[in-house]
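One structure is given here, and the rest of the page talks about it.
Only the coordinates and a few stated rules stand behind these numbers; no lab work does. From a predicted model like this one, the values you see are computed outputs, not experimental measurements. Don't worry about glycine lacking a Cβ; one is built from the backbone with ideal geometry, like all the others, and counts go over all protein chains shown.
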Amino acid sequence: MSIKEKKTPNCLNVAYIFKTSLGSINGSWTEGNVSTVKKITLPNGNQLPYVSGQSLKYQIRKAWVEMGLKDQLSEVQQSETTAGVNFTAGDPSKYLDDDLLGYMIASTGENRRRTAPVRVSAAIGVFPFRNDRDLGTKSKEQVGGDVSAGGNIFETEIYYNYFKVNFLIELDRIGSFQDFELNIKAKGKTQNLSVEEKRKRLNNLLNAISNIWGGGKQSRILTDMSPKFLAITFQYAKTPIFLETLTVDELENLNTKAINEVLSDNQSIIEHQILGVQFGIFKNSVSDEIKDTVSIQTAFENALTYISTLKF
């Protein structure tokens with residue numbers, strides 16, 4: 001039996017590019033009076049800024065709260081020891097985040113975990129960091145200091161960049177739990193939520209991704225992290241096919257040739273694909289170079305429509 005003869009896809013792949021005209025989304029260590037951003041160093045010595053997967057998951061949780069889903073999120077509990085790690089309720093049947101984003105509980109008499117069915121890459125910058133900085137001052141005017149002497153100077157690393165990110169969602173694990181993911185009393189038992197509830201949770205995830213925003217310095221360096229090019233594929237194999245593919249050249253053209261190649265080479269595992277682009281962001285005409293491309297909002301709406309047909 002070929003892969004495509006399977007009845008239901010077991011993976012949803014969501015990959016996209018977003019643009020920052022001026023950003024400082026995810027901070028690293030402070031060096032003196034300079035707030036640095038997270039970076040990864042390439043073999044040639046260039047450094048690419050990135051936004052960690054942990055930061056992206058935090059922003060998804062925040063989006064769920066703003067969507068009115070706070071009662072479906074597990075309350076964070078404090079560790080028994082000061083050196084310990086805080087943890088959630090660990091009840092995936094009840095809580096959206098415990099199901100999709102996983103958890104780990106290591107406390108007296110209980111040691112269990114759920115590996116997240118929603119896998120998240122870091123959002124990695126396409127272009128090297130150029131050591132740009134934003135200069136700011138902490139004014140003394142409001143506190144009666146010597147205004148003429150100026151305020152305390154601080155700097156923040158910033159960048160102009162495009163970022164690529166990939167979400168890989170294990171469809172066959174959403175709303176499906178093993179005994180070691182539940183509690184001691186559930187030993188030897190498994191649990192499955194209804195198909196309707198699984199669809200609802202997946203819808204909530206896509207809605208959060210479609211409206212994602214946040215990161216550091218948003219009060220003075222507001223950044224848009226929503227997709228500008230979006231690829232959604234329902235697959236029969238859990239492979240992040242776009243993870244190393246999405247890129248933009250120095251003239252700000254999206255590499256449509258690589259995207260078309262990935263789609264063509266992976267047709268044996270792709271059940272359904274949806275592609276979206278925001279007009280006016282990339283210099284080349286993406287919709288002309290990639291077939292069946294729609295707007296970003298329409299792409300998400302089409303994905304939600306397709307989810308309504310999934311059997312899980």
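Efficiency by 1/(1 + (r/R0)^6): what FRET value for residue 264 and residue 243, r their Cβ-Cβ distance, R0 = 22 Å, to the nearest 0.05?
0.80
Test of the criteria: in region 193-237, which trypsin sites (Lys or Arg not before Pro) are in a DSSP loop and have at most 11 other Cβ atoms within 10 angstrom of their Cβ?
Details: sites: 198, 199, 200, 201, 217, 220, 228; in loops: 217, 220, 228.
Of the trypsin sites (Lys or Arg not before Pro), the ones in loops of region 193-237 whose Cβ has at most 11 other Cβ atoms within 10 Å are 220.
Mind checking which aspartates and glutamates have their Cα closer than 16 Å to the Cα of residue 189? Skip sequence neighbours fewer than 8 apart in that chain.
By straight Cα distance, residue 189 reaches 91, 179, 181.
Please list, or write none, the aspartates and glutamates whose alpha carbon is within less than 18 Å of the alpha carbon of residue 283, excluding same-chain residues fewer than 8 places away.
The reachable aspartates and glutamates, counting only those whose Cα sits under 18 Å from residue 283, are 249, 250, 252.
How much of the DSSP bridge set in the chain is antiparallel, in percent, rounded to the nearest 5? Before the final figure, lay out the partial values.
Values: 54 of 58 bridges.
Rounded to the nearest five, the antiparallel share is 95 percent.
Out of region 234-292, which trypsin sites (Lys or Arg not before Pro) are coil in DSSP terms and have no more than 14 other C-beta atoms within 10 Å?
Working: sites: 238, 257, 283, 291; in loops: 238, 283, 291.
Here the sparse-neighbourhood loop sites are 283, 291.
Using Cα pairs closer than 8 Å and at least 6 residues apart in sequence, work out the relative contact order for region 3-307, in percent.
Values: 593 pairs, mean separation 76.6, N = 305.
With pairs under 8 Å counted, the relative contact order is 25 percent.
Cut-off 10 angstrom, C-alpha nodes, Gaussian network model of the chain. Which of 243, 193, 202 fluctuates the most?
Per the Cα network of the chain with a 10 Å cutoff, 193 tops the list.
Anyone know which of 258, 15, 299 comes out most mobile in the 10 Å Cα GNM of the chain?
Highest fluctuation of the listed residues: 258.
Filter 7/200; 228/311; 19/62; 7/257; 62/200; 200/238 down to the pairs with a C-alpha to C-alpha distance above 24 Å, please.
Values: 7/200 21 Å; 228/311 30 Å; 19/62 21 Å; 7/257 31 Å; 62/200 18 Å; 200/238 21 Å.
Beyond 24 Å between Cα atoms: 228/311; 7/257.
What range in the chain is the longest one free of GluC sites (Glu not before Pro) that are in a loop by DSSP and have at most 14 other Cβ atoms within 10 angstrom? Mind showing how you got there, number by number?
Details: sites that count: 75, 80, 244, 250, 252.
Between the exposed loop sites, the longest stretch runs 81-243.
Taking one equal scatterer on every alpha-carbon of region 3-307, how large is log10 of I(q)/I(0) by Debye at q = 0.10, 0.14, 0.16 1/Å?
-0.65, -1.14, -1.34
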